[in-house]
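Since the structure comes first, as structure tokens, the remarks are kept for the end.
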Amino acid sequence: MIVEVEHQRHDVDLIKIDNDETKIVFSNYGARIVSWKYHDNNIILGNVVEADEFYFENPFNFGATIGRYAGRIKDASFKLDGHTYELENNDSPHHIHGGSKGLDKRIFDYEIIDEIGQIKIIFTTTIKEMEDHYPGDMTIKVTHTYDADHRWTIQYEAESTKRTLFNPTNHVYFNLNRDNNVVDNHRMSSSSLKMYTLDDENIVTGDEPLNFSQIFEDEHILFKDIFDSTNQKLQEQMQRYKGLDHPFEVGDHQLAIDNKEFELLIETDMPNMVIFTFNEPQNWDSDFNIYKSHSGFTVETQHIPNDINMYGEKAHSILNPHTPYFSKTSYQINEK
Ligand code: G6D
């Protein structure tokens, strides 16, 4: 495996890893993935342009590390230890993606470790309570590892000076089609798939999740069959959102997504995955916007969004002071 660094403008670096059949590129801007190719096939979105301008402008958080809190927090507000914290309502009236000072907008420091059979990039940054209005100053480490088996692993490590919320994810969009046509032909497979429903403002309802094993009676489920389902509750969600933008509970913390040529295996220690099928990309008025509805899908591993307002002190996203946070997710690509 070979690794090299390319410096762009605005302090943005690209860290390019070559593993023969596959090539992957990361950046210090948002500790993000920029490109992942299997031979000539782009398997993630964004790799058409490796330019810094694209990532600064892009409103869809392509490939970025998202935090402190990945999903929406209802009414941009939460209570912890009897104190009410008001966050930025950047998805008015709600808060999303950690706000405009979130991890995706930061230039991280980094160090490259070239080991036998794998290359690690350790990205580090700090975030202060004055910047994003969550309690506590934090040190954050995001390690991207790429190994000889074409597996990309992300490890999140963090520590806070005060009791706070921490629920990060990565916002990469995949498309396994050689022609990069819409992802409706991709299948998702897991031993169990349960989808949480959303109200009309993208907030988790807390209702019993929809059990896909009962609706589809198959372990392999086509995205198109989900979009066109005649199951009343699922149809209502698909009509409202024009696709998936939903948290799932996934059997054994493992999900496979495939088309005829490739299979993507996702494993995580997180209990939930938010699957978003890029439903309305047309709202971005830019020459960079070459995307249409369902041009890609995300698999954002995390604790269920808005857990702090649903479960209070029992929310898993609460991080105690001076207590190390750790979580890990991997994505592996195989050619069939
Ligand atoms: C997240 O859930 C959200 C979407 O609603 C949003 O449009 C996207 O990020 C950019 O996945």
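Just so you know, all these numbers are worked out from the coordinates, no wet-lab data involved. Just so it is clear, the model here is predicted, and its values are computed rather than measured. Virtual Cβ from ideal backbone geometry, glycine too; neighbours counted across all protein chains shown.
A few comments on the model shown:
- Using a cut-off of 25 Å between Cα atoms, the listed pairs Lys101/Lys194; Lys120/Lys194; Lys23/Lys260 include Lys101/Lys194; Lys120/Lys194 as exceeding that distance.
- Helical mean residue ellipticity (222 nm; -39500 (n - 2.57) per DSSP H run of 4+; nearest 500) of the chain: -2500 deg cm²/dmol
- When the listed pairs Lys74/Lys162; Lys37/Lys74; Lys128/Lys314; Lys37/Lys328 are checked against a 26 Å cut-off, the alpha-carbon distance exceeds it for Lys37/Lys74.
- Normalised contact order of the chain, rounded percent, pairs of Cα under 8 Å and 6 or more residues apart: 17
- Of the GluC sites (Glu not before Pro) found in the stretch 211-245, those in coil by DSSP whose Cβ has at most 11 other Cβ atoms within 10 Å are Glu217.
- Residue exposure sequence - Tyr146, Tyr173 - by fewest surrounding Cβ within 10 Å: Tyr173, Tyr146
- A Förster radius of 25 Å combined with the Cβ-Cβ distance from Thr230 to Lys292 puts the calculated FRET efficiency at roughly 0.50.
- Annotation: for a label point projected 7 angstrom from Cα along Cα→Cβ of Ile113, residues of the stretch 138-163 with backbone N closer than 15 Å are 141-147, 153-158.
- Inter-centroid distance (Cα atoms) of the stretch 149-212 relative to the stretch 252-288, Å: 7
- Straight-line cross-link partners of Lys292 among the lysines, defined as a Cα under 16 Å from its Cα and at least 8 positions apart when in the same chain: Lys224, Lys242.
- About its Cα centre, the dipole of the stretch 139-285 is roughly 320 debye, where the only charges are +1 on Lys and Arg Cβ and -1 on Asp and Glu Cβ.
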